[in-house]
Amino acid sequence: MKILVTGTAGFIGYHLAKKLLERGDEVVGIDNINDYYDVNLKYGRLKELGINLLMMEKIWI
(Lines give C-alpha, C1' and ligand atoms only; values in the text may rest on other atoms or scores of the structure.)
Protein backbone atom coordinates (compact mmCIF):
# COMPACT_ATOMS: atom_id res chain seq x y z
CA MET A 1 0.00 0.00 0.00
CA LYS A 2 1.27 3.54 -0.76
CA ILE A 3 0.96 5.82 2.29
CA LEU A 4 1.67 9.55 2.70
CA VAL A 5 3.50 10.48 5.90
CA THR A 6 3.88 14.16 6.74
CA GLY A 7 6.72 15.30 8.99
CA THR A 8 8.79 12.29 7.96
CA ALA A 9 12.03 13.69 9.42
CA GLY A 10 10.41 14.40 12.79
CA PHE A 11 10.17 11.98 15.69
CA ILE A 12 6.69 10.59 15.09
CA GLY A 13 6.80 10.73 11.29
CA TYR A 14 10.16 8.98 11.19
CA HIS A 15 9.07 6.12 13.43
CA LEU A 16 5.77 5.74 11.57
CA ALA A 17 7.53 5.66 8.20
CA LYS A 18 10.06 3.14 9.50
CA LYS A 19 7.33 0.76 10.73
CA LEU A 20 5.39 1.10 7.48
CA LEU A 21 8.50 0.34 5.43
CA GLU A 22 9.29 -2.67 7.63
CA ARG A 23 5.74 -3.86 7.00
CA GLY A 24 6.33 -3.65 3.27
CA ASP A 25 4.36 -0.51 2.49
CA GLU A 26 5.53 2.20 0.11
CA VAL A 27 5.97 5.53 1.91
CA VAL A 28 5.73 8.97 0.37
CA GLY A 29 7.25 11.33 2.91
CA ILE A 30 6.95 15.10 3.16
CA ASP A 31 8.93 17.35 5.50
CA ASN A 32 10.04 20.97 5.31
CA ILE A 33 13.25 20.29 7.32
CA ASN A 34 12.85 23.46 9.39
CA ASP A 35 15.36 24.40 12.08
CA TYR A 36 13.06 23.92 15.07
CA TYR A 37 15.68 21.41 16.21
CA ASP A 38 18.90 20.02 14.73
CA VAL A 39 18.48 19.57 10.97
CA ASN A 40 21.41 17.12 10.94
CA LEU A 41 19.31 14.80 13.11
CA LYS A 42 16.47 15.11 10.60
CA TYR A 43 18.76 14.38 7.64
CA GLY A 44 20.13 11.40 9.58
CA ARG A 45 16.63 10.01 10.08
CA LEU A 46 15.86 10.37 6.39
CA LYS A 47 19.12 8.63 5.52
CA GLU A 48 18.14 5.71 7.77
CA LEU A 49 14.89 5.47 5.83
CA GLY A 50 16.88 5.19 2.59
CA ILE A 51 16.57 8.81 1.47
CA ASN A 52 19.81 10.65 0.81
CA LEU A 53 20.54 14.34 0.29
CA LEU A 54 21.23 13.87 -3.42
CA MET A 55 17.73 12.46 -3.92
CA MET A 56 16.22 15.43 -2.07
CA GLU A 57 18.21 17.92 -4.16
CA LYS A 58 16.95 16.32 -7.36
CA ILE A 59 13.40 16.76 -6.18
CA TRP A 60 13.93 20.50 -5.56
CA ILE A 61 15.62 21.13 -8.93
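The values are calculated or read from the model by the stated rules, or taken from the named source; none is laboratory data. Bear in mind the structure is a predicted one, so any value in this text is a computation, not a measurement. FYI the Cβ positions are ideal-geometry reconstructions off the backbone, even for glycines, and counts take in every protein chain you see. Heavy atoms of the whole protein, side chains included, go into the accessibility calculation; ligands, DNA and RNA do not. Shrake-Rupley method; radii C 1.70, N 1.55, O 1.52, S 1.80 Å.
A few points about this structure:
- Relative pair counts by distance (%), Cα atoms of the chain, 10 Å bins: 23, 58, 19, 0
- Taking 0.36 nm per residue of separation and subtracting the Cα-Cα distance, full extension of the segment from L21 to N40 would add 4.7 nm.
- Å² of accessible area per residue within the chain, as computed with a 1.4 Å probe and no ligands counted: 78 Å²
- Close amide H pairs (under 5 Å, H built 1.01 Å from N) link V27 with I3, residues at least 5 positions away or on another chain.
- Lysine pairs in the chain with Cα atoms under 16 Å, if 8 or more residues apart or on separate chains: 6
- With R₀ fixed at 35 Å, the C-beta to C-beta distance from K47 to M1 puts the FRET efficiency at about 0.90.
- Taking the protein heavy atoms of the chain in the context of the full set of protein chains, the accessible area attributed to carbon and sulfur is 61 percent at 1.4 Å.
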